[in-house]
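Trainee: First the structure, then my questions, so here it is.
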Amino acid sequence: MAKTEKQQAFLDALFNEARGDLYQAKKIAGYSPTTPMSVIIGPLAEEVTELTRKHIATYGAKAMFSIADVMERPTDLGNKEKLAAAKDFLDRSGLKGADRVEVKSESPLFILPSKEENE
């Protein structure tokens, strides 16, 4: 879709100096304060989504290195928060860790439901 200069300015501001703040990007792009956000975002929704995906991809490597830093220096202050933020970011970007289910039981026996005979 062809974008107007204001629309491109909005997108540029949104992913740079406005740092995701829609209203700040609107102001930087030169839209009137009375312009409804839906009028601006509506035609740009797909592009905003795609740029968000690209932005996430660029920070995926940083999140991975944050986890590696925690592994290399496990006693540094703030590691718990750093690790949680990196993990959350990677989970949200689709780079989720393996899900494992662990079953623990004090008894080695499992009781299964009775098997019904087919008539």
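The values are calculated or read from the model by the stated rules, or taken from the named source; none is laboratory data. Everything quoted here is computed from the prediction, not taken from an experiment. When we count neighbours, we look across all protein chains shown, and the Cβ atoms used for this are built from the backbone with ideal geometry, even at glycine.
Trainee: Part of a helix (DSSP H, G or I), more than 30 Å from Phe15 (Cβ to Cβ) and either touching a Ser or Thr at 6+ places or on another chain (Cβ under 9 Å) or at pLDDT 85 or above (or both), is that true of Met64?
Mentor: No; evaluated as a whole, the condition is false for this residue.
Trainee: Condition test on Ile56, is it in a helix (DSSP H, G or I), under 23 Å from Glu81 (Cα atoms) and within 23 Å of the chain's Cα centre (by Cα)?
Mentor: So Ile56 passes the test.
Trainee: Here is a list of conditions, (1) at pLDDT 85 or above; (2) assigned to a helix (DSSP H, G or I), and Asp91 meets all of them except one; can you say which number that is?
Mentor: Failing condition for Asp91: (1).
Trainee: Yes or no: Ser38 hydroxyl-bearing (Ser, Thr, Tyr) and either assigned to a loop (DSSP other than H, G, I, E, B) or loosely packed, with under 11 Cβ neighbours inside 10 Å (or both)?
Mentor: yes
Trainee: Name the residue, out of Lys6, Lys82, Lys87, that is surrounded by 13 or more Cβ atoms within 10 Å (Cβ to Cβ) and touching a Ser or Thr at 6+ places or on another chain (Cβ under 6 Å).
Mentor: Of Lys6, Lys82, Lys87, the one residue that is surrounded by 13 or more Cβ atoms within 10 Å (Cβ to Cβ) and touching a Ser or Thr at 6+ places or on another chain (Cβ under 6 Å) is Lys82.
Trainee: Just checking, how many residues over segment 23-41 are within 28 Å of the chain's Cα centre (by Cα) and small (Gly, Ala, Ser)?
Mentor: 3
Trainee: If you don't mind, another one. For Ala18, state whether it is within 24 Å of Thr58 (Cα to Cα), within 20 Å of the chain's Cα centre (by Cα), small (Gly, Ala, Ser) and assigned to a helix (DSSP H, G or I).
Mentor: Criteria not met by Ala18.
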